[in-house]
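Beneath this line is the structure, given in structure tokens, with notes to follow.
Please treat every number below as a calculation from the coordinates, not as lab data. Bear in mind the structure is a predicted one, so any value in this text is a computation, not a measurement. Methodologically, a virtual Cβ is constructed for each residue, glycine included, from the backbone with ideal geometry; neighbour enumeration extends over all protein chains shown.
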Amino acid sequence: MCGIVGYVGHQAASQILLSGLQKLEYRGYDSAGIATILEEQLHCIRAKGKLHHLETKLAGWDNPARMGIGHTRWATHGKPEEYNAHPHRDERERLAVVQNGIIENYRDLRIELKEKGYTFRSETDTEVIPHLIADLLKQQTTPNLLEAVRETVNRLTGAFAIAVVSADFPEELIVARQQAPLVIGYGDHEFFCASDTPALIPHTRTILTLDNEEIATLKPSGVELYHFNGDRVRRPPQTLNWNPVMVEKQGFKHFMLKEIYEQPGVVRTCLENYLDEQWSPDSAAGPIKLGLDPSLFQDLERIQIVACGTSWHASLVGQYLLEQLAGVPTVVQYASEFRYAPTPLTPNTLTVGVTQSGETADTLAALEMEKQRRSELSDEFRPRLLGITNRPESSLSRLVPQIIDTHAGIEIGVAATKTFAAQLMAFYLLALDLTYQRQSQSPERLAAIIGELRTLPALLELVLESQERYVETLAHDFVETQDFIYIGRGINFPIALEGALKLKEISYIHAEGYPAGEMKHGPIALLDAKVPVVAIAMPGSVFEKVLSNAQEAKARDARLIGVTPMNEQEARETFDTLLPVPAVDEILSPLVTMVPLQLLAYHISAIRGLDVDQPRNLAKSVTVE
């Protein structure tokens, strides 16, 4: 949530800051602002609402400043008004601060500062920071901005990332991180900072990701990195393999639609990276090459998965695969709940954290807690931690020793689509690897699943080619609909949850997902001709059951939409409307059933004229609890 950008160098800062903020719009925000230093004066412009309001204020502003900071704010403390927008300044308006995260002890600090005579002009937690820095600078014999910021961050409690500029230090940009992401970009005698790398890649691919309790000073002459205790830290930057073209729409109306169409490529990339193309049941080695330490799986008795949102839905599919294919008892927990009601400690347990961004605060905190509470126990209770993420350079990779990189490429749309497909692929690969190691399925069954898995990219392309125009036409029927019910069973119950989530996220239509067998235990009371029911009915162990549950809805006059193969005669007779998909092995069906539901949500939102890529109140990377 929120976005930070910063620049110091030889170019005009304001346009770099504005374009950087535009690259971070997907994170969600309701106000924006920038502050620059020119001729030892601080200049600050802020605006409520979307960035074009700030851009209008900046139009015609001749400001050749070579240093500044910018921010997009998602309201937590205080209403989304201009006076609460960042940057926030000290009383003398000599320094400015932008901050992501939450300062938990801001009330106590605010009282302390008010008693010293400081006046507050906002309702935010952030405003205590510039006042604290200014107060510490006044106490120094020789003013030192880095030291004042270092002392300030040591007084803050919570999760935060900050960037600071001061008119009294016109070539010095200070950044600090505690639990909220912040990245430094390296240019030619110029340096950038941002809360996420899309803001940096138009300028550089050489980055340094700050760790927790690190502070850095950026000057045209270079970067100096320190720990919060003042010790110097020396760590080389890394090079990203991203290309700026990856974040452009490439002719699609919205990023979300582009990313839906990228899913066949994502599945193909995962297979190319992790599946041995030459494998057969007679091979000496296994089919999956995840590169994980074998000790993760030694004497494995149980798996627990922590995740949030769409990642939680992917994890539910993962649970089904790990239990039904690999035979490993598995439980999926909301990371936000696990933190405060952790499961009893069990021996030989693998903990998997799933987060697209690698920065999800609740997931990271849950993993950290599990690491801490197991760290001093006997070997059978030792922490075994695995991360699944799309961002191998993220905080997750520094917290856990083993990562499955989903290789989805950058995703701009707030509503996850291709990263959901990539997470599903990670679980398929993990489950198949464990299945081979534990010999829990016959070699022939394993070979059959892998053989069909290889056909999935082409099948997904077929779904996209055949469905999009049809779904766009169908979406017009639901522009005024207020409620949807999604149902599925077995491995497709999580897809019903995900389909409902996509619809509510971007179209603002109330939608709920249920196990199809639970319809008669309450949800059926909601049904009438105004409430469409979307049923996922794929041939397999629960096919007839889902059709029977769908008939219950039909008897209540609900319009029935079926995600099902076209050639299933009984399904064609049951459903009023079909969203046909290829007939695949039931165990692989989530990878094809997800696509029509993504398209349905997308087109309903687009027809309603809503902001598909940046739905209200949501953010791509949830970095606060």
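Before moving on, here are some points about what is shown:
- Listed here are the strands (runs of 3 or more DSSP E) enclosed by the range 195-246 that have at least 2 residues being more than 20 Å from GLY20 (Cα to Cα) and not aromatic (Phe, Trp, Tyr): 214-219, 222-227.
- When the criteria are applied in full, GLY185 meets the requirement of being free of Cβ contacts under 8 Å to residues at least 60 places away in the same chain and either on the phi < 0 side of the Ramachandran plot or in contact with a Pro (Cβ under 8 Å, 6 or more places away or on another chain) (or both).
- Restricting the range 534-559 to residues that are touching a Ser or Thr at 6+ places or on another chain (Cβ under 7 Å) and aliphatic (A, V, I, L, M), the residue that is farthest from GLU518 (Cα to Cα): MET538
- Scope the range 67-86; condition part of a loop (DSSP other than H, G, I, E, B) and out of contact with any His (no Cβ under 6 Å at 6 or more places or on another chain); matching residues: TRP74, ALA75, THR76, HIS77, GLY78, LYS79, PRO80, GLU81, ALA85
- In the range 259-315, the residues that are of a type in the set (A, V, I, L, M), part of a loop (DSSP other than H, G, I, E, B) and in contact (Cβ under 8 Å) with a residue 60 or more places away in the chain: LEU290, LEU292, LEU300
- Positions within the range 519-540 being under 33 Å from the mean Cα position of the chain (by Cα) and either closer than 21 Å to MET566 by Cβ or free of Cβ contacts under 8 Å to residues at least 24 places away in the same chain (or both), in sequence order: GLY522, PRO532, VAL533, VAL534, ALA535, ILE536, ALA537, MET538, PRO539, GLY540
- Residue in the range 226-243 that is β-branched (Val, Ile, Thr) and in contact (Cβ under 8 Å) with a residue 60 or more places away in the chain present: no
- Selection of the range 561-577 for residues being touching a strand residue (DSSP E or B) at 6+ places or on another chain (Cβ under 9 Å) and either assigned to a helix (DSSP H, G or I) or over 15 Å from PHE543 (Cβ atoms) (or both) yields ILE561, ALA571, ARG572, THR574, ASP576, THR577.
- ASP125 being among the charged types (D, E, K, R), part of a helix (DSSP H, G or I) and on the phi < 0 side of the Ramachandran plot: no
- Under the condition of being of a type in the set (A, V, I, L, M, F, W, C), surrounded by fewer than 23 Cβ atoms within 10 Å (Cβ to Cβ) and either in a strand (DSSP E or B) or in contact with a Leu (Cβ under 6 Å, 6 or more places away or on another chain) (or both), the residues counted in the range 149-165 number 1.
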